[in-house]
């Protein structure tokens, strides 16, 4: 039997609501395992769909069984940990009221023992939370039939390649444009040196703007912040859609990108918009594509060189090379890519 994926979404196939049509929808969404609290024979057969049956937590199990424990107190958590040593493919926990604290403790226990922990969740917020607790999260989630749609989004996110193709562009023009409004994006995460946001004035051309994580004798570092530029600029947000810097609000999400192309989603804690002197930087990629970004003119605002090192906008000169991200589509509608004519200057 093939090893289970690092992160998995499993459909609860218990009861008459689970039909062949439902299972085929699940397969199309990328769900290839179902679990049932009844006999496996009651699950309609669908090619490629694995069926796991629930066994008593105190029973010995195997590759086709899972223990299911409803967690209402400390004794149930102990039962879940004990069930993990009885040979089941995984253990499913269903928290009653508290969801985060029991899962934190169980995730720590299961990761120490190398066992697989799954959580029964009904909403997309619960699913996302379960996968992120203690950064590692659970190994899988079990969802009811009526949560198939949000589960499909989770499966798509798990399978998505979150790396961005970064390329080199040569600076062709720099203009001090005067005073305007710029936005600092203060995230709820601690950013690293070599990490920033993809920002630009054109929907197909993004500059990698560095976080304020580089020490300076003039001002303390702000490891959570990216001084992202003029408020008209595009920034890459959720599901690779663009947002205007001016419309970001607390609790929105943006995607930070490292100089090696790796990325992660972070929460916006605050957006600070203030009037500051701005400079416009124009650069040209190898294919001839031109792009611009408008940033605050200050020593602490940086782009990234091809080697991943940060370079201050006050030190950049015409002819220097910086890291950028290009997209195939040049047009955007409500942040999503569309195939239509557009000209941005």
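The values are calculated or read from the model by the stated rules, or taken from the named source; none is laboratory data. Worth saying up front: this structure is predicted, and the values here are computed from it rather than measured. Note that we place each Cβ from the backbone using ideal geometry, even for glycine, and neighbour counts take in every protein chain shown.
Listed values, structure above:
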item: Out of 260, 252, sole residue that is out of contact with any helix residue (DSSP H, G or I) (no Cβ under 7 Å at 6 or more places or on another chain), loosely packed, with under 15 Cβ neighbours inside 10 Å and at pLDDT below 95; result: 260
item: Test: residue in segment 35-49 that is within 13 Å of residue 148 (Cα to Cα), within 31 Å of the chain's Cα centre (by Cα) and part of a strand (DSSP E or B); result: no
item: Residue within segment 325-344 that is at positive phi and at pLDDT below 95 present; result: yes
item: Some residue of segment 14-30 being in contact (Cβ under 8 Å) with a residue 40 or more places away in the chain and at positive phi; result: yes
item: Condition met for residue 49 (more than 14 Å from residue 117 (Cα to Cα) and either in contact with a strand residue (DSSP E or B) (Cβ under 7 Å, 6 or more places away or on another chain) or at pLDDT below 90 (or both)); result: yes
item: Lone qualifier among 43, 34, 81 - being surrounded by 15 or more Cβ atoms within 10 Å (Cβ to Cβ) and out of contact with any strand residue (DSSP E or B) (no Cβ under 7 Å at 6 or more places or on another chain); result: 81
item: From the options 264, 270, 276, residue that is more than 21 Å from residue 192 (Cα to Cα), in contact (Cβ under 8 Å) with a residue 60 or more places away in the chain, in the same structural domain as residue 191 (by TED's automatic domain parsing) and part of a strand (DSSP E or B); result: 276
item: Residue check for residue 164: within 30 Å of residue 308 (Cα to Cα), crowded, with 17+ Cβ neighbours inside 10 Å and either assigned by TED's automatic domain parsing to the domain that holds residue 241 or touching a residue at least 24 places away in the same chain (Cβ under 8 Å) (or both); result: yes
item: Failed item in (1) over 18 Å from residue 322 (Cβ atoms); (2) buried (at least 24 other Cβ atoms within 10 Å of the Cβ), with residue 188 passing the rest; result: (2)
item: Filter pass, residue 241 being over 18 Å from residue 323 (Cβ atoms), modelled with pLDDT under 95, surrounded by fewer than 18 Cβ atoms within 10 Å (Cβ to Cβ) and in the same structural domain as residue 317 (by TED's automatic domain parsing); result: yes
item: Filtered residues of segment 72-98 (kept if at pLDDT below 90 and either in contact with a helix residue (DSSP H, G or I) (Cβ under 8 Å, 6 or more places away or on another chain) or assigned to a strand (DSSP E or B) (or both)); result: 95
item: Meets criteria (touching a helix residue (DSSP H, G or I) at 6+ places or on another chain (Cβ under 6 Å), farther than 21 Å from residue 82 by Cβ and in contact (Cβ under 8 Å) with a residue 40 or more places away in the chain) for residue 155; result: no
item: Members of segment 189-211 found to be closer than 15 Å to residue 268 by Cβ and either outside any strand (DSSP E or B) or not assigned by TED's automatic domain parsing to the domain that holds residue 326 (or both), listed by number; result: 189, 190, 191, 211
item: Which numbered condition residue 6 misses (of (1) at pLDDT 90 or above; (2) closer than 18 Å to residue 137 by Cβ; (3) surrounded by fewer than 20 Cβ atoms within 10 Å (Cβ to Cβ)); result: (1)
